[in-house]
Amino acid sequence: MIPVLEKISKIGIVPVVKIDRAEDALPLAKALCAGGLPCAEVTFRTDAAAEAIKIMTENFPDMCVGAGTVLNAAQVDAAVEAGAKFIVSPGLNANTVRYCQEKNVPITPGTSSPSDIELAIELGLDVVKFFPAEQSGGLAKIKAMAAPYVNMKFMPTGGINAKNLTSYLDFNKIIACGGSWMVPGDLINAGEWDKIEQLTREAVQTMLGFELAHIGINMENEEEAVKAADRFAFLFGMPAKVGGGSVFAGTAVEVMKTPYLGKNGHIAIRTNYIERAVNYMTTVLGVEFNEESAKKDDKGKYKAIYLKEEIGGFAVHLVQK
């Protein structure tokens, strides 16, 4: 997968925006970045699109800004000249795809059928848009089409919202979802940037799904660890289970046999998508992670990783749900 699509995959959500006035581009970009989504697909449905892209990319050079609803070569040129880092089209126009490839511009064309997928494969693409997602059969159809086309990945757009977002992202052939529920046109036109920032933040939190996994308590030795775990088990009906380096009382409390990270212990926070959580916390919140603490699967993806900082005497680590 090409770098810009890798970046989009780590972000997870692509806000699809329609901008009627170019002067709205700067405050909108600020709201999206502050809310945790440094990304936008600016649709070429209005005359302000190219200028809006230019304003966003010049003021937020690290923001991943692309052009959507691109229908022809002239719009590709206008988008690229404005600074667009990727192109999205509602359908699969082979001429437009080839033109982008000649210009070395990443393009994700719209598809909704196996015939579209086969044409995309013939054109050398390995990621396509699925549009309009819900109206074209939704996740069930994506899964059905993904079965014979094992190397194809999808970016569904159309009908995606906070209620169905994670059901789409849970499928490993989906790199990200496009949506406009956090950037509704009425709020953009009304200049309600605080509300857009809040909706964006809520979208990110819905996607990542942070929740407490367990509390870890540091003890000096195995005997003390077993004693503490047994006390939790007695008081709260939590079954004690002895492991290699710790003793669990139920799933809520982990008692370490010897002191580990954190002055007092550790707090584990589970998340729906640990790779996206790390990206969000690093790029948006400025959090640093302890790479030496990382546990990864056989594909090199994070299963758990500690933050460098302690909070209240506790080390903190993320864990994949």
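With the condition kept exactly as written, say whether any residue in the range 124-134 is of a type outside the set (A, V, I, L, M) and assigned to a helix (DSSP H, G or I). Within the range 124-134 (the criterion being of a type outside the set (A, V, I, L, M) and assigned to a helix (DSSP H, G or I)), the answer is yes, since at least one residue qualifies.
Matching residues to (1) touching a residue at least 40 places away in the same chain (Cβ under 8 Å); (2) under 21 Å from residue 42 (Cβ atoms); (3) of a type in the set (A, V, I, L, M):
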position	(1), (2), (3)
122	no, no, no
142	no, no, yes
167	no, no, no
211	yes, no, no
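Scanning the range 142-174 for residues that are out of contact with any Pro (no Cβ under 8 Å at 6 or more places or on another chain) and crowded, with 16+ Cβ neighbours inside 10 Å gives 146, 152, 153, 154, 155, 156, 160, 164, 165, 166, 169, 173. Restricting to the range 102-117, name every residue that is in a helix (DSSP H, G or I), touching a helix residue (DSSP H, G or I) at 6+ places or on another chain (Cβ under 8 Å) and not hydrophobic (A, V, I, L, M, F, W, C). Scanning the range 102-117 gives a single hit, 114.
Can residue 46 be described as touching a helix residue (DSSP H, G or I) at 6+ places or on another chain (Cβ under 7 Å) and more than 23 Å from residue 276 (Cα to Cα)? Judged against the criteria, residue 46 is not a match.
Taking (1) over 30 Å from residue 1 (Cα atoms); (2) of a type outside the set (Ser, Thr, Tyr); (3) crowded, with 21+ Cβ neighbours inside 10 Å; (4) in contact (Cβ under 8 Å) with a residue 60 or more places away in the chain in turn, residue 185 satisfies each apart from (3). Restricting attention to the range 3-54, the residues that are over 16 Å from the mean Cα position of the chain (by Cα) and either assigned by TED's automatic domain parsing to the domain that holds residue 279 or in a helix (DSSP H, G or I) (or both) total 16. Scanning the range 256-301 for residues that are closer than 29 Å to residue 35 by Cα, in contact (Cβ under 8 Å) with a residue 40 or more places away in the chain and among the hydroxyl-bearing types (Ser, Thr, Tyr), we see that the one that is surrounded by the fewest Cβ atoms within 10 Å (Cβ to Cβ) is 283. Could you tell me which numbered condition residue 178 fails, if it satisfies all but one of (1) outside any helix (DSSP H, G or I); (2) under 18 Å from the mean Cα position of the chain (by Cα); (3) of a type outside the set (A, V, I, L, M); (4) surrounded by fewer than 16 Cβ atoms within 10 Å (Cβ to Cβ)? Evaluating residue 178 over (1) outside any helix (DSSP H, G or I); (2) under 18 Å from the mean Cα position of the chain (by Cα); (3) of a type outside the set (A, V, I, L, M); (4) surrounded by fewer than 16 Cβ atoms within 10 Å (Cβ to Cβ) leaves (4) as the failure.
The values are calculated or read from the model by the stated rules, or taken from the named source; none is laboratory data. Since this is a predicted model, take the numbers as computed values, not measurements. Positions of Cβ are backbone-derived with ideal geometry, glycine not excepted, and every protein chain shown enters the neighbour counts.
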